[in-house]
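A.B. asks: Take a look at the following structure, please.
The values are calculated or read from the model by the stated rules, or taken from the named source; none is laboratory data. Everything numeric here is computed off the predicted structure, so don't read it as measured data. FYI the Cβ positions are ideal-geometry reconstructions off the backbone, even for glycines, and counts take in every protein chain you see.
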Amino acid sequence: MGVRREARELALQALYQLDMSGDEDTARSLALFWSHFRGRDDAQRFAHELVEGVCAERERLDALIRECAEHWRLPRLSRVDLNLLRLATFELLAREEIPTSVSINEAVEIARRFGGEDSAAFVNGVLDAIATLLGAKAKEKPGGAE
């Protein structure tokens, strides 16, 4: 598994933990979470950046997801799908060096691994709508890879 995939999966797990614990002390919860993982420093560094970014931009991310997840209210979404959407939407917004197609494809693959039966298709559809809304697909260079 590549470093960035490992980091994305770790970030998803951290965000899920925060969401499920309901602990108001985010810093304490995250410190506890990170203390349980030993891995490549570069993967943890990227995971930290993603988690911090999602936490900082959560309201904006949720507004975009809400707008593009037609007929779905955020509380009805599975926690895995919602946090994966937050993670990938943050990448689309803040990580311009990562091609849009890479962010979406990575999220879809992670949804296959951690989500439910329909998660991959749902995540793909919502992220495609978000990328279109943001104009991210139009900015992408053909043949871009991570």
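A.B. asks: Determine which member of the set L133, L84 is touching a residue at least 60 places away in the same chain (Cβ under 8 Å) and within 16 Å of R4 (Cβ to Cβ).
C.D. replies: Exactly one residue qualifies, and that residue is L84.
A.B. asks: Still on this structure, please answer the following. Would you confirm whether any residue within the stretch 78-92 is farther than 15 Å from E9 by Cα, out of contact with any strand residue (DSSP E or B) (no Cβ under 8 Å at 6 or more places or on another chain), part of a helix (DSSP H, G or I) and aliphatic (A, V, I, L, M)?
C.D. replies: Checked against the condition, which is being farther than 15 Å from E9 by Cα, out of contact with any strand residue (DSSP E or B) (no Cβ under 8 Å at 6 or more places or on another chain), part of a helix (DSSP H, G or I) and aliphatic (A, V, I, L, M), the stretch 78-92 yields at least one hit.
A.B. asks: Still on this structure, please answer the following. Which ones in the stretch 6-64 are closer than 15 Å to L84 by Cα and polar (S, T, N, Q)?
C.D. replies: Listed by number, the residues that qualify are Q13, Q17.
A.B. asks: So S103 ticks every box in (1) more than 22 Å from L10 (Cβ to Cβ); (2) buried (at least 20 other Cβ atoms within 10 Å of the Cβ); (3) without any contact (Cβ under 8 Å) to a residue 60 or more places away in the chain but one. Which box is left unticked?
C.D. replies: (1)
A.B. asks: Next up: Checking A121 against (1) over 26 Å from L30 (Cα atoms); (2) buried (at least 17 other Cβ atoms within 10 Å of the Cβ); (3) modelled with pLDDT of 95 or more, which test does it fail?
C.D. replies: Against the list (1) over 26 Å from L30 (Cα atoms); (2) buried (at least 17 other Cβ atoms within 10 Å of the Cβ); (3) modelled with pLDDT of 95 or more, A121 comes up short only on (2).
A.B. asks: Hey, any hits in the stretch 17-40 for a residue that's farther than 21 Å from G125 by Cα, of a type outside the set (D, E, K, R), touching a Lys or Arg at 6+ places or on another chain (Cβ under 7 Å) and loosely packed, with under 13 Cβ neighbours inside 10 Å?
C.D. replies: yes
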